[in-house]
Amino acid sequence: MLEARGDSPAARAALSDLCAAYYAPVFAFVRRNVPDEDAARDLTQEFFARLLAGQGFATVDPQRGRFRSFLLGAVKHFLAGMHRHAHRLKRGGGQPLEPIDPGTDTSPRLQLADLNAPSPDREFDRKWAMTLLARALATLAQEHEAAGKADHFEALKPWLTGDSESISQAEAAARLGLNEGAVKVAIHRLRRRFRQVIKEEISQTVSDCAQVDLELHCLLEALL
């Protein structure tokens, strides 16, 4: 996150990477606020375009805050500004007034919110958590590929993703040419490394290492 501060080529590249990595949480938040999917996608792209065009984190205090909180606050501010702008246009804004489409049978004028759907903030956190886990899995995959053990990772990944019901440890052992005891040890080590990578990923988005465990707790809550 600190690398994304400023207006140097390196800062712009770091900011671009962060934006690409965390597009999904922002889109999920916008989508919960904007019923039309295409409009939500356009707004999400506009949000990141403005973030990339500006100085990004140049004004962010490196001693405070978390990237997750900053990003959520920024998109809320952006949507509020867009809403005010649209409201001014509806009231005239110096432009000729356009008639409001009263809607048809296939395009009703009012869309009611789904009361059972998660709140925008909750959906943002859930997508943030899923994005972070996906990045950690990608890191592990790269590590195993570099070590020539891509097959081991693919065989044991179900014990990280919650898909272990689809394969038994005995089947994984047979697939890898190991005994079950070795597979149990490998799974334990992989899970420990997975947790470590997740914490490393989180540490890149907070200003204080003391916040890592708090963010990890938030991650687990978001996945419930």
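Contact list please: Cβ distance under 7 Å, first residue in the stretch 163-187 and more than 17 Å from A150 (Cβ to Cβ), second residue part of a helix (DSSP H, G or I) and of a type in the set (D, E), pairs at least six apart or on different chains.
Listed by first residue and then by second, the contacts come to Q169/E180; A170/E180; A173/E180.
Sort through T139, T131, T161 and tell me the only one that's exposed (fewer than 14 other Cβ atoms within 10 Å of the Cβ) and among the β-branched types (V, I, T).
On the way: T139 fails: exposed (fewer than 14 other Cβ atoms within 10 Å of the Cβ); T131 fails: exposed (fewer than 14 other Cβ atoms within 10 Å of the Cβ).
Unique residue meeting the criteria: T161.
I'd like to check something: does the stretch 172-183 contain any residue that is of a type in the set (K, R) and either open to solvent by less than 40 Å² (accessible area, probe 1.4 Å) or under 27 Å from the mean Cα position of the chain (by Cα) (or both)?
Applying the first criterion (of a type in the set (K, R)) to the stretch 172-183 yields 175.
Among the residues that remain, those that are also either open to solvent by less than 40 Å² (accessible area, probe 1.4 Å) or under 27 Å from the mean Cα position of the chain (by Cα) (or both) are: none.
No, there is no match, as no residue in the stretch 172-183 is of a type in the set (K, R) and either open to solvent by less than 40 Å² (accessible area, probe 1.4 Å) or under 27 Å from the mean Cα position of the chain (by Cα) (or both).
Identify all residues within the stretch 198-211 that are aliphatic (A, V, I, L, M) and crowded, with 18+ Cβ neighbours inside 10 Å; write none if there are none. Working first, answer last.
Pass one, the stretch 198-211, residues aliphatic (A, V, I, L, M): 198, 202, 206, 210.
Correct list: I198, I202, V206.
The values are calculated or read from the model by the stated rules, or taken from the named source; none is laboratory data. It should be emphasised that the depicted structure is a prediction, and the values quoted were computed from it without experimental measurement. All Cβ positions, glycine included, derive from the backbone under ideal geometry; neighbour counts span all protein chains shown. Ligands, DNA and RNA are stripped out before the accessible areas are found, and what is left, the full protein with its side chains, is counted by its heavy atoms. Shrake-Rupley method; radii C 1.70, N 1.55, O 1.52, S 1.80 Å.
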